[in-house]
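Report on the structure given below.
Just so it is clear, none of the values below were taken in a lab; they were calculated from the coordinates. Note that the structure is predicted; figures quoted are calculated from it, not measured. Note that each Cβ is placed from the backbone with ideal geometry, even for glycine, and that neighbours are counted across all protein chains shown.
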Amino acid sequence: MAAVLEHVEIEPRVLHLPRTVQMTDGQFLEFCCMNDPWRMERTAEGDIVVLPPEGGSGSSRNSELITQLSVWAKRDGSGVVFDSSAGLKLPSTAVRGPDAAWVLKKRLRKLTAEEKEGFLPLCPDFVVEQLSPWDRLATPKKKMQEYLENGLRLGWLIDPKRRHVYIYRPNTDVERLDSPETLSGDPVLPGFVLDLGEIWDPGF
C-alpha cells in the first residue's frame, strides 16, 4: 500500500551564526555554492535560511510564471526578469531569492561589472512569491513586508492551494483577491497581465 503523506506546514530551517561571525557577500556566495543544490537566503541579522526544494506542481507553476513574465519583458524592453536562483541583496543587507523578480534596466546599468556577477545590490521593482503546499502563510507575508520596506513598488503573493492572491504596494493596505483569473501589473509593469489558469491548475 502506498504511503500517504499528511499535509504539514514547514518552516524553513534557520541557521543562527554567532554575531561575532560576519560573512562577507563573497563568503556567503561561496557557502551557497559549496552546499548546492540547497537554496539559501540570508536575513538582515545574518542568519542563514535553508529553503526546502520545490515539488513538481510548485516547480511547474514557477516555470509558467517566469515564462509569462519573460515574454512580456522581452516585448516591453524596459526591464530584466530574474528567477529564484538569483540572489538579491536588499538595502537591509538581507539576501533574498523570490520566485520571480523584475528590475528596470536603467537601475541595473548603474551597477559595476563585479556587482552584476554577485548578489545584485538592490530591491527589485516587482516580485512574486508563490506558496508551496507546506509553507506557513506568515513566513512569506513577512518577506513581502520586508521587500516593501526596502523599496518594492509592486509585489504578488500567490497561494495556489486556496486560490488567493495578496497584492502589496507602498503606503497601501494589502489587498486580497479570491480566485482571480488574471492579474494586471499596471502601472509598474505596463501592459503585463498574468493568466492564472495554469497557476491554479498545472495540468497534471
Under a Cβ-Cβ cut-off of 13 Å, what is the net charge of the residues other than His16 that fall near it, where Lys and Arg count +1 and Asp and Glu count -1? +1
In square nanometres, what is one fourth of the surface area of the convex hull spanned by the alpha carbons of segment 83-142? 4.4
Please list the three semi-axes, largest first and in whole Å, of the ellipsoid equivalent to segment 30-140, using sqrt of 5 times the eigenvalues of its alpha carbon gyration tensor. 22, 20, 12
Exposure-ranked with fewest Cβ neighbours within 10 Å first, Trp200, Trp156 stand as Trp200, Trp156
Restricting to bridges with both residues inside segment 54-200, how much of the DSSP beta-bridge set is antiparallel, in percent to the nearest 5? 80
Calculate one ³J(HN,Hα) per residue across segment 117-126 by plugging θ = phi - 60° into the Karplus curve 6.51 cos²θ - 1.76 cosθ + 1.60, and present them in order as whole Hz with x for glycine and proline. 7, x, 5, 5, x, 6, 9, x, 6, 9
Hey, what's the Cα Rg ratio for segment 54-200 versus the globular rule of thumb, 2.2 N^0.38 Å? 0.99
Ranked from fewest to most other Cβ atoms within 10 Å of their own Cβ, Val128, Val81 fall in the order Val81, Val128
Under 26 Å between alpha carbons: how many lysine pairs meet that in segment 54-200, if sequence neighbours fewer than 8 apart on the same chain are excluded? 21
Given Ala138, Leu122, Trp156, which one lies farthest toward the positive end of the charge dipole of segment 91-181, if we put +1 on the Cβ of every Lys and Arg and -1 on the Cβ of every Asp and Glu? Leu122
The chain, relative contact order in percent, only Cα pairs under 8 angstrom and at least six apart counted: 17
